[in-house]
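To start, the structure under review is shown below, and the notes come after it.
The values are calculated or read from the model by the stated rules, or taken from the named source; none is laboratory data. Nothing here was measured: the structure is a model prediction, and the numbers come from that model. Here the Cβ is made from the backbone with ideal geometry for all residues, glycine too, and neighbour counts use every protein chain on show.
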Amino acid sequence: MMGQLYILDGKTPVPLFDTTKWGLKVDKIIGKDQFGSVSVSTVFLGIDHSFGGGDPVLFETMIFGGEHDQYQERYCTWDEAEKGHQIACDLVNKITIDRDNKLNDLGI
């Protein structure tokens, strides 16, 4: 069974019952950052991924590439998604900074 569909009204998820409009409204990027070959992406999913298990889970952060490839967190609100995106960026950026510091120490 598919979860409830949602669209965004600004930053607020709103249930959608007319599925013909859903595909036109769901493409929403909350954040996208690149750290060398590693990217961090946070998006509005548009489908409730709680599947009836509580508050709607509508946002997702993922890391693609690097040490934390396929890292994933999901959230209920835009604000949580923004915070989660920053946490993922900090995680990737710390690794990048640590790597750069080690290469610098080696004179590379």
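Looking at the stretch 56-83, which of the residues that are touching a helix residue (DSSP H, G or I) at 6+ places or on another chain (Cβ under 9 Å) and among the charged types (D, E, K, R) is surrounded by the fewest Cβ atoms within 10 Å (Cβ to Cβ)?
GLU67
Within the stretch 24-43, is there a residue that is surrounded by fewer than 13 Cβ atoms within 10 Å (Cβ to Cβ), of a type in the set (Lys, Arg), at pLDDT below 95 and not in a strand (DSSP E or B)?
no
Somewhere in the stretch 18-27, is a residue over 27 Å from VAL92 (Cα atoms), charged (D, E, K, R) and touching a Cys at 6+ places or on another chain (Cβ under 6 Å)?
Checked against the condition, which is being over 27 Å from VAL92 (Cα atoms), charged (D, E, K, R) and touching a Cys at 6+ places or on another chain (Cβ under 6 Å), the stretch 18-27 yields no hits at all.
Got a sec? Which of ASP90, ASP55 is farther than 19 Å from LYS11 by Cβ, acidic (Asp, Glu) and without any contact (Cβ under 8 Å) to a residue 40 or more places away in the chain? Write out each step before concluding.
Numbers: ASP55 fails: farther than 19 Å from LYS11 by Cβ.
Criteria check complete, one pass: ASP90.
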